[in-house]
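K.L.:
Below is one structure. I have some questions about it.
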Amino acid sequence: MLRYALERTKEALEGDRCEGAIPEDADGLVMLAMTAATCMGYCIFRESLARDLGLEPEELDERAEAVYDRMLQGLITGAGEPGAAQDLKS
């Protein structure tokens, strides 16, 4: 089942690349791996992060969603390219 899902995801990533939804030179498979690792890590550490930050888990969820959306947008637009942070300061 997981292999089938991975193959479908690879096809979707290639479609996204062809349609221009992700940059042509984006490493889609590693983008997928990092997205999965980020989500799994958040799920594992959610409650302790909320406690350590002095937030309710639901508030952390809302704020994390907004930040995560910005992170993904950076992948899509290429803002995550080396030197991009320096470009934003200029």
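K.L.:
Can you tell me the 0 to 90 degree angle between the C-alpha axis of helix 57-77 and the longest principal axis of the chain, rounded to 10?
P.N.:
The two axes meet at around 20 degrees.
K.L.:
Let me ask something else about it. Using only C-alpha atoms and all pairs of different ones, pull out the Kirkwood radius for the chain in Å with one decimal.
P.N.:
It is 15.1 Å.
K.L.:
Please work out the average accessible area per residue across the stretch 1-67, using the 1.4 Å probe convention, and give it in Å².
P.N.:
Dividing the accessible area of the stretch 1-67 by its residue count gives 79 Å².
K.L.:
At 1.4 Å probe size, put D69, D25 in order of accessible surface, largest to smallest.
P.N.:
D25, D69
K.L.:
Under a point-charge model restricted to the Cβ atoms of Lys and Arg (+1) and Asp and Glu (-1), what is the dipole moment magnitude of the chain relative to its Cα centre, in debye to the nearest 20?
P.N.:
My answer is approximately 220 debye.
K.L.:
For the chain, what does -39500 (n - 2.57) per DSSP helix run (n ≥ 4), summed and divided by total residues, give at 222 nm, in deg cm²/dmol to the nearest 500? Don't skip to the answer; put the middle values down first.
P.N.:
Numbers: 4 runs with 71 residues, N = 90.
The helix-only estimate for the chain comes to -26500 deg cm²/dmol at 222 nm.
K.L.:
Here's a follow-up. Kindly state, to the nearest 0.05, the FRET efficiency for F45 paired with E19, given R0 = 41 Å and r defined as their beta-carbon distance.
P.N.:
With a Förster radius of 41 Å, E is 0.75.
K.L.:
With a cap of 11 neighbouring Cβ atoms within 10 Å, and only residues DSSP puts in a loop, list the GluC sites (Glu not before Pro) found in the stretch 4-37. Numbers along the way, then the final one.
P.N.:
Numbers: sites: E7, E11, E14, E19, E24; in loops: E24.
Those satisfying the criteria are E24.
The values are calculated or read from the model by the stated rules, or taken from the named source; none is laboratory data. Small disclaimer: the values here were computed from a predicted structure and weren't measured. FYI the Cβ positions are ideal-geometry reconstructions off the backbone, even for glycines, and counts take in every protein chain you see. SASA here: full protein model, heavy atoms, side chains in, ligands and nucleic acids out. Shrake-Rupley method; radii C 1.70, N 1.55, O 1.52, S 1.80 Å.
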